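A.B. asks: Have a look at the structure that comes next, please.
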Amino acid sequence: FGSSLVQAEKLFPAPGVMEPGEYDALVVKARSSSTAALELLQFMRTHKIHQPELVLQHGAKLVRSQRLGNELWTVLEQVFMAAAELGCDDWRDYCLKELTKNFPSSLRVERLKGIEKESQADWKEAEKIYQKILSTKPEDTMAHKRLIAMHKQSGKVSEAIEAINTYLQTFSTDSEVWHELGELYIEVGSLQRAAFCFEEMIVHNPRSMYTILTYAELLYSVGDFEASRKYFSMAAYLDEMNLRALWGLATCNMALAEKDKAREKTKQFQELQKLTLERLKTAYKGFGATGKPAAKLLAMMTL
């Protein structure tokens with residue numbers, strides 16, 4: 001699609017920090033200025049803001065104005081994606097027709113054709129398109145991800161899991177896809193495999209509270225209380241008043257004490273549980289009346 005879409009083919013660079021009110025101000029300006037509307041669409045792409053209604057509203061006006069120059073192809077693609085999601089068939093078909101006419105041999109346009117079939121729930125045809133792209137360009141990550149998304153949309157969880165595992169054989173450092181796989185394994189009740197996925201995510205981002213806590217909870221769910229406690233402890237170390245981490249740590253301590261009666265008599269173990277419960281009690285004092293049920297529960301939690 002020319003230089004702009006060749007660049008868009010690559011992963012977006014990490015966006016800058018969004019200033020408070022910056023996006024809302026752009027939305028207001030876009031109502032009365034085509035220049036501001038174009039800036040808004042660019043801002044949404046850069047910061048990956050998902051509001052297809054706004055894209056269609058402003059993008060359609062910009063396309064009609066025929067004053068976009070080199071930005072036309074990027075905006076057409078953006079409007080196409082919004083229209084496909086919202087079920088606006090006229091705009092979807094128009095954008096795809098224009099892009100196909102100008103770039104008949106583009107693999108990017110071929111992917112858009114696959115997305116068009118997805119929006120029509122023509123899963124078989126969409127899969128054929130993506131498989132054809134991958135036969136020509138096996139490293140096309142977007143085609144792989146569209147296949148995965150398509151299987152999920154059509155309710156084929158086992159096919160989605162298979163497609164993700166195939167993808168990860170080549171792109172093993174994609175933490176977003178590891179997360180997707182972990183969530184799917186949780187959905188089908190395969191918690192041990194889900195735990196493995198979240199362990200991979202910790203390797204890529206060892207300070208992510210969400211990943212550490214989810215991994216700890218999965219370990220607890222499969223009965224590995226000792227490992228679970230270590231990761232709840234890590235989360236509590238990173239954020240000493242994190243309620244999810246503290247409750248997890250207290251629960252692990254109780255499970256381990258129940259499993260090994262001799263353990264609960266050790267001084268180190270008793271001090272850890274005492275400190276955990278004290279932090280929880282301190283946290284819930286700030287909740288006022290809403291914290292009373294938790295405070296009563298904590299009072300009952302004795303080793």
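The values are calculated or read from the model by the stated rules, or taken from the named source; none is laboratory data. Just so it is clear, the structure is predicted and the values come from calculations on it, not from any experiment. So basically every Cβ, Gly included, is an ideal-geometry build from the backbone, and we count neighbours across all protein chains shown. Side chains are part of the model used for accessible areas, which takes the heavy atoms of the whole protein and leaves out ligands, DNA and RNA. Shrake-Rupley method; radii C 1.70, N 1.55, O 1.52, S 1.80 Å.
A.B. asks: Would you check which residues across the range 151-167 are more than 16 Å from the chain's Cα centre (by Cα), farther than 20 Å from residue 200 by Cβ and either in a helix (DSSP H, G or I) or hydroxyl-bearing (Ser, Thr, Tyr) (or both) and list them?
C.D. replies: Scanning the range 151-167 gives 151, 154, 158, 159.
A.B. asks: Say whether the condition of being in contact with a Phe, Trp or Tyr (Cβ under 9 Å, 6 or more places away or on another chain), within 30 Å of residue 25 (Cα to Cα), of a type in the set (Asp, Glu) and surrounded by 15 or more Cβ atoms within 10 Å (Cβ to Cβ) is met by at least one residue in the range 84-96.
C.D. replies: no
A.B. asks: Please go through the range 163-184 and pick out each residue that is crowded, with 21+ Cβ neighbours inside 10 Å and farther than 27 Å from residue 238 by Cα.
C.D. replies: Listed by number, the residues that qualify are 163, 164, 184.
Let's see how each residue does on (1) over 15 Å from residue 115 (Cβ atoms); (2) of a type outside the set (A, V, I, L, M, F, W, C); (3) not in a helix (DSSP H, G or I):
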{"position": "48", "(1), (2), (3)": "yes, yes, yes"}
{"position": "57", "(1), (2), (3)": "yes, yes, no"}
{"position": "60", "(1), (2), (3)": "yes, no, no"}
{"position": "71", "(1), (2), (3)": "yes, yes, no"}
{"position": "74", "(1), (2), (3)": "yes, yes, no"}
{"position": "77", "(1), (2), (3)": "no, yes, no"}
{"position": "84", "(1), (2), (3)": "no, no, no"}
{"position": "96", "(1), (2), (3)": "no, no, no"}
{"position": "99", "(1), (2), (3)": "no, no, no"}
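A.B. asks: Give the number of residues within the range 232-267 that are within 28 Å of the chain's Cα centre (by Cα), over 23 Å from residue 297 (Cβ atoms) and not aliphatic (A, V, I, L, M).
C.D. replies: 1
A.B. asks: When you go through 167, 231, 210 one by one, which is the residue that is within 27 Å of residue 81 (Cα to Cα) and among the aromatic types (Phe, Trp, Tyr)?
C.D. replies: Only one candidate qualifies: 167.
A.B. asks: Here's another thing I want to ask about it. Give the residue, chosen from 31, 45, that is touching a Ser or Thr at 6+ places or on another chain (Cβ under 8 Å), modelled with pLDDT of 90 or more and under 28 Å from residue 96 (Cα atoms).
C.D. replies: Result: 45 is the single residue among 31, 45 that is touching a Ser or Thr at 6+ places or on another chain (Cβ under 8 Å), modelled with pLDDT of 90 or more and under 28 Å from residue 96 (Cα atoms).
A.B. asks: Further question: Can you work out which of the residues in the range 101-136 that are touching a residue at least 40 places away in the same chain (Cβ under 8 Å) and part of a helix (DSSP H, G or I) is most open to solvent (accessible area, probe 1.4 Å)?
C.D. replies: 102
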